[in-house]
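Student: This is the structure I have questions about; it appears just below.
The values are calculated or read from the model by the stated rules, or taken from the named source; none is laboratory data. Computed from a predicted model, the values in this text were never measured in an experiment. Counting neighbours? That spans all protein chains shown, and the Cβs are built from the backbone with ideal geometry, glycine included. Accessible surface is based on the protein model in full, side chains and every heavy atom, while ligands, DNA and RNA are left aside. Shrake-Rupley method; radii C 1.70, N 1.55, O 1.52, S 1.80 Å.
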Amino acid sequence: MSSLALALADGAVVAKRNLIKITRVPEVLIWTTMSPIMFVLLFAYVFGGSIEIAGADYKEYLMAGIFAQTVIFGSTFTGAGLAEDMTKGIIDRFRSLPISKAAVLIGRTGSDIFYNAISIAVMSLTGLAVGWRIRTSLAEAIAGLLLLLLFSYAVSWIMAYVGLKVSSVEVVNNASFMFIMPLVFIANTFVPSDNLPGPLRTFAEWNPISALAQAVRELFGNTGSNPPADVWSLQNPVLYTLISVAAILAVFVPLSIRQYGKAAAR
Amino acid sequence: MIRTSGLVKRYGDVVALDGLDLLVPQGEVLGLLGPNGAGKTTAVRILTTLLEADSGEAEVAGLNVQTQPEKVKERIGLSGQNAAIDEHLTGFENLDMVGRMYHLGRRRSRERARELLERFSLTDAGDRPAKTYSGGMRRRLDLAAALVAEPQVLFLDEPTTGLDPRSRSQMWETIQDLVRGGSTVLLTTQYMEEADQLCDDIVVIDKGRKIAEGTADQLKKQVGGERIEVVLVDLADLPAAGAVLRSLAVDEVQIDEPSRRLTAGVSGGVDDLRLVLQGLSEAGVAVVDVGLRRPTLDDVFLSLTGHHTEEEEPAAGDAKPGKGAKVKDTKKEAVR
């Protein structure tokens with residue numbers, strides 16, 4: 001077997017183990033899907049009535065942002081899961097077995113796609129219930145959902161690195177919160193980036209999360225008559241998102257695998 | 001089957017292993033005996049490819065651990081001091097997963113999992129999440145996981161630390177069955193008695209260095225075997241009590257006046273104890289306490305190094321082992 005095939009086969013064994021865990025501790029899944037529901041309702045009803053966006057319906061504009069935010073928060077699951085495995089010593093067991101060095105990470109990031117798919121589904125239903133509509137073709141809508149999953153998969157690899165690097169589940173959650181919040185908010189997720197002051201505006205325009213939200217917004221047909229900001233990243237959001245995904249994976253896949261090799265149980 | 005020479009591992013300023021040489025022939029059980037922080041776990045982690053040595057050579061099953069770690073992993077089984085099983089999976093699922101990771105294939109992995117559950121008396125619990133298992137059951141499952149691929153060499157890192165006495169003796173029986181089958185085993189322990197029960201040969205290590213080697217009997221002889229200890233009510237009885245002990249002692253009777261304590265090495269075990277009691281009552285000597293003491297790890301240490309296990313220098317004793325101890329505590333909490 002080639003080493004990639006071996007890594008995928010071993011990864012599947014790890015992923016199966018992670019998915020079995022969902023059936024044993026379903027509470028985790030329930031709470032993971034509750035927070036997107038909460039966000040949709042909060043933004044739709046608290047901010048929805050007060051924020052006006054020229055040329056678009058705010059509730060529809062907002063959904064892409066909440067989708068982006070949720071899949072990014074969902075990816076912290078990867079880091080928390082790995083940190084937990086480290087503290088419980090199971091990583092030592094895995095490392096003493098003749099499996100591919102990438103297997104545990106491939107399995108973990110792979111099974112976390114499932115979590116994100118579920119939260120996207122729940123979020124879509126909640127969105128439909130509060131009046132969000134897809135105004136494009138089915139193919140474009142599916143492309144939008146796949147783009148979200150792909151981006152969250154890439155962010156999972158960043159979180160995998162964090163999870164292997166830091167000492168505990170709590171630290172993973174708090175540390176990633178500190179980085180994710182600004183990244184998600186200094187973007188065009190919830191408000192158009194045009195209104196932000198100078199440097200923040202530039203940051204928001206080139207923030208891959210803006211591109212993701214913009215891409216999803218366009219694929220769902222929720223942009224209204226509001227033209228995107230006049231920068232390359234937001235004029236070509238799908239392409240820019242794909243480039244970001246490739247860049248993140250190119251850096252963090254090897255980095256995380258190396259960290260896994262070094263990781264000692266704590 | 002296991003051979004190391006001049007193994008060195010440092011954590012910052014702390015030397016965990018300081019030129020360790022080990023040799024375990026095929027089919028033998030070697031006990032690595034030492035207190036917390038002596039370097040036992042570090043040695044196991046290096047031999048099981050989890051950690052790289054700073055210098056020195058290590059060979060397992062004829063393979064160099066540093067240059068062929070992937071091949072070594074196929075031939076070894078590791079059962080750690082912190083039962084490394086997934087508590088959300090059932091016993092069966094844990095073993096099946098490990099089988100798949102040894103690439104036994106779907107069918108063989110399942111068969112093997114059932115076989116091992118049967119062998120370790122876990123069949124009834126096999127389809128319950130491991131979370132519901134007792135400490136002893138978890139250790140057995142962890143040991144079963146180490147045996148999935150019928151490894152040529154087995155590493156047991158403190159297999160009974162933290163177990164209650166009943167689970168400990170069960171675990172000993174399990175391991176004894178295993179070694180009768182001719183496995184090559186490296187076992188680490190803090191308990192002299194455990195090494196005595198399970199091992200062909202014992203290497204005593206302290207601060208990453210080998211300080212003694214031999215069979216349990218050889219070591220005990222070196223330490224002085226069993227001792228009888230008498231604590232007097234009145235110091236005035238000292239000469240009379242000393243005479244009673246001297247009649248049976250195999251060495252000098254040691255007298256500690258402040259604590260009114262006399263100790264002497266004996267060779268006759270409980271029979272000698274009975275004779276001492278008889279002799280003392282005939283001489284009209286009143287005692288607070290009389291007892292037969294078997295040599296403990298601490299005695300081994302005292303006689304080999306001149307210091308107690310607890311009297312290690314804080315720097316050497318605390319840095320890495322301190323960390324280890326902390327980890328153990330948190331894990332115990334997690335288990336509860």
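Student: Looking at B:Val60, is it buried (at least 23 other Cβ atoms within 10 Å of the Cβ) and either more than 9 Å from chain A (Cβ to nearest Cβ) or polar (S, T, N, Q) (or both)?
Tutor: Yes, satisfied.
Student: Scanning region B:111-142 for residues that are under 25 Å from the mean Cα position of the chain (by Cα) and open to solvent by 30 Å² or more (accessible area, probe 1.4 Å), which turns out nearest to A:Ala7 (Cα to Cα)?
Tutor: Here the answer is B:Arg140.
Student: Looking only at helices (runs of 4 or more DSSP H) that lie completely in region B:184-281, which have at least 3 residues being closer than 30 Å to B:Ala16 by Cβ?
Tutor: Passing ranges, in order: B:192-198, B:216-223.
Student: Quick one: how many residues across region B:93-110 are open to solvent by less than 30 Å² (accessible area, probe 1.4 Å), more than 9 Å from chain A (Cβ to nearest Cβ) and hydrophobic (A, V, I, L, M, F, W, C)?
Tutor: Looking only at that region, the number is 1.
Student: Any idea which of (1) at negative phi; (2) open to solvent by less than 40 Å² (accessible area, probe 1.4 Å) is the one B:Pro258 doesn't satisfy?
Tutor: (2)
Student: Another question about this same structure. Collect the residues in region B:111-130 that are farther than 25 Å from A:Thr87 by Cβ and either without any contact (Cβ under 8 Å) to a residue 24 or more places away in the chain or within 11 Å of chain A (Cβ to nearest Cβ) (or both), keeping them in residue-number order.
Tutor: Across region B:111-130, the qualifying residues are B:Glu111, B:Arg114, B:Glu115, B:Glu118, B:Ser121, B:Thr123, B:Asp124.
Student: I'm checking my understanding of the structure. Among residues of region A:14-25 that are open to solvent by 60 Å² or more (accessible area, probe 1.4 Å) and more than 19 Å from A:Val122 (Cβ to Cβ), which one is nearest to the other protein chains (Cβ to nearest Cβ)?
Tutor: So the residue we want is A:Arg24.
Student: Now, a different point. Of (1) open to solvent by less than 20 Å² (accessible area, probe 1.4 Å); (2) at pLDDT below 90, A:Val104 satisfies all except one. Which?
Tutor: The one condition A:Val104 does not meet is (2).
Student: Return a yes/no flag: does region A:26-36 have any residue that is open to solvent by less than 10 Å² (accessible area, probe 1.4 Å), touching a residue at least 24 places away in the same chain (Cβ under 8 Å) and either more than 14 Å from every other protein chain (Cβ to nearest Cβ) or of a type in the set (Gly, Ala, Ser) (or both).
Tutor: yes
Student: Considering each of A:Ile72, A:Ile113, A:Ile120 in turn, give the residue that is surrounded by 24 or more Cβ atoms within 10 Å (Cβ to Cβ) and either in contact (Cβ under 8 Å) with a residue 60 or more places away in the chain or more than 14 Å from chain B (Cβ to nearest Cβ) (or both).
Tutor: The unique qualifying residue is A:Ile72.
Student: For region A:178-205, which residues satisfy the criterion of being β-branched (Val, Ile, Thr) and either in contact (Cβ under 8 Å) with a residue 60 or more places away in the chain or in contact with a Lys or Arg (Cβ under 7 Å, 6 or more places away or on another chain) (or both)?
Tutor: Passing the criteria: A:Ile180, A:Val184, A:Thr189, A:Val191.
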